[in-house]
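Please read the structure below before turning to the comments.
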Amino acid sequence: MFANGQTVIQLIEQLAPKHIAMENDKIGLQLGTLQKVVSKVLVALDVTDEVVDEAIALGAELIIAHHAIIYRPLAKLDTSTPAGRLYEKLIKHDIAVYIAHTNLDVADGGINDWMADLLGLPAEGRASLEDVHTDKLFKLVVFVPKTHHEQVLQAIWNAGAGEIGGYSQCSFNIEGVGTFLPGDTAEPFIGEKGKLERVQEIRVETIVPASVHRKVVQAMLKAHPYEEVAYDLYPVDMKGRVFGLGRVGKLPAAVKLRELAERAKAVFEVPALRVVGDLDRDVRKVAVLGGSGARYVRHALFAGADVLVTGDMDYHTAHDAAMAGLSIIDPGHNIEKLMKPRVAEWLRRELQQRKYATEAIASQVETEPFQFL
């Protein structure tokens, strides 16, 4: 059985939730419909004519890309323009386009973490360069018959409830007596219609992040034996998990700037890159940021980084960084192509676990606009 488009996107949004994207970022469905069966998904960095031709040849009904194809509201759809012809081709072949941009950058296990992994930055001790989103927290209270207490508790924990700081499976449980009177239309799990029932129940309280509260409630309802579940979900004034753009961390040992640049060149698979700073300088604390990172020089300096690895560094900002003592390694914007095989593999695994036959395929089209001579 193939998944429908909405199901595919629900999975992707587990990896890169929309609410953690930067404000006004152009993400989500940009063209087409998700209300259809999807046999193949093409994962791409950019949506170009060549990528669309690849999707057509594969028979893909959905493209999941990192970079948006619509940046500002369209005043008209003129199919004599390059952009217009691209949209026309997508529409004629019924190919939907969904964008995961800064939400994929920010996500735990997203682009910035993948970059940090490739450069050898240990996961422990990593921090963000700029906080983008703080998850709101809810308190979930649910009343469960004693016989199903552990079953419901495990279900909500597995769905993401109960995390406070470095602790997981946090809850508070109080025993008591619940009462209910099943009416004529009820189908009670316990008791009889028209007879007041008293049941030994446990009041379960736990913390639920806003990002997973729907998933937790669904898991709770599925695990709970009652026809009508008594529960409350209300916001609490506590700071939840913080999601941020970029990463900064320390290498296990200092290396020469030249060595780190060569490492970046190899792991990001680029024929050349630009470096600012003394190549024989020792560097250890490294900041990384996928995409254009010129405006994050001061963030890297504030974090105490020795070097910032990012793309699209402009001339004057490079001078400013050098004067401030920050080295720069610029392997280009296109290195974000590393998301293609990783997102495709993640989605493929999630689809297979749910017994869907839908394929997730990493685009093989090279979208680097620059040539190196």
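Side notes on the structure shown:
- Most to least accessible of H149, H19 (protein chains only, probe 1.4 Å): H19, H149
- Pairs of Cα atoms farther than 28 Å apart, segment 231-373, %: 35
- Kirkwood radius, segment 33-192, all distinct C-alpha pairs, inverse of mean reciprocal distance: 21.3 Å.
- Expressed per residue, the C-alpha convex hull volume of segment 1-58 stands at 106 Å³.
- Nearby aspartates and glutamates by direct alpha-carbon distance to K136 (threshold 19 angstrom, same-chain neighbours under 8 apart not counted): E13, E23, D108, E163, E205, D232, D237
- Rounded to the nearest 10 square angstrom, M323 shows an accessible area of 150 square angstrom against a 1.4 Å probe.
- Computed over the chain, the per-residue total of -39500 (n - 2.57) for DSSP H runs of n ≥ 4 gives a 222 nm mean residue ellipticity of -8500 deg cm²/dmol, rounded to 500.
- Taking a straight Cα-Cα cut-off under 22 Å and skipping sequence neighbours fewer than 8 places away in the same chain, the lysines within cross-link reach of K256 are K265, K285.
- Convex hull of the chain built on C-alpha atoms - directionally averaged projected area, nm²: 23.8
- Per DSSP, loop GluC sites (Glu not before Pro) in segment 106-199 with at most 13 further Cβ within 10 Å: E124, E192
- Simple rule: put +1 on each Lys or Arg Cβ and -1 on each Asp or Glu Cβ in the chain, find the dipole, and look at S292, T185, A303; the Cα lying farthest toward the positive end is T185.
- All other residues whose Cβ lies under 11 angstrom from that of Q352 are scored, Lys and Arg at +1 and Asp and Glu at -1, for a net of +1.
- Under 5 Å, built H, 5+ apart or other chain: amide partners of L62: K40, L42, A96
- Directionally averaged projected area (convex hull, Cα atoms, segment 315-373), nm²: 6.6
- Using a probe of 1.4 Å on the protein chains alone, the accessible area found for D49 is around 70 Å².
- Over all other residues within a Cβ to Cβ distance under 11 Å of A21, the charged ones net out to -2, with Lys and Arg as +1 and Asp and Glu as -1.
- Using a probe of 1.4 Å, the accessible surface attributed to S211 totals some 50 Å² when neighbouring protein chains are kept in position.
- Computed Rg/Rh of segment 142-207, alpha carbon atoms with Kirkwood Rh: 1.10
- Cα Rg, Dmax (largest Cα-Cα span) when computed across segment 259-338, Å: 11.3, 32
- Helices of the chain meeting both criteria, an alpha-carbon length of 24 angstrom or more along the long axis and an average Kyte-Doolittle score not below 0.0, with helices taken as full DSSP H segments, do not occur.
- In this Cβ point-charge picture (+1 for Lys and Arg, -1 for Asp and Glu), segment 238-344 has a dipole of about 560 debye about its Cα centre.
The values are calculated or read from the model by the stated rules, or taken from the named source; none is laboratory data. Keep in mind the model is a prediction, meaning the values are calculated, not measured. Virtual Cβ from ideal backbone geometry, glycine too; neighbours counted across all protein chains shown. With ligands, DNA and RNA removed, areas are computed over all heavy atoms of the protein, side chains included. Shrake-Rupley method; radii C 1.70, N 1.55, O 1.52, S 1.80 Å.
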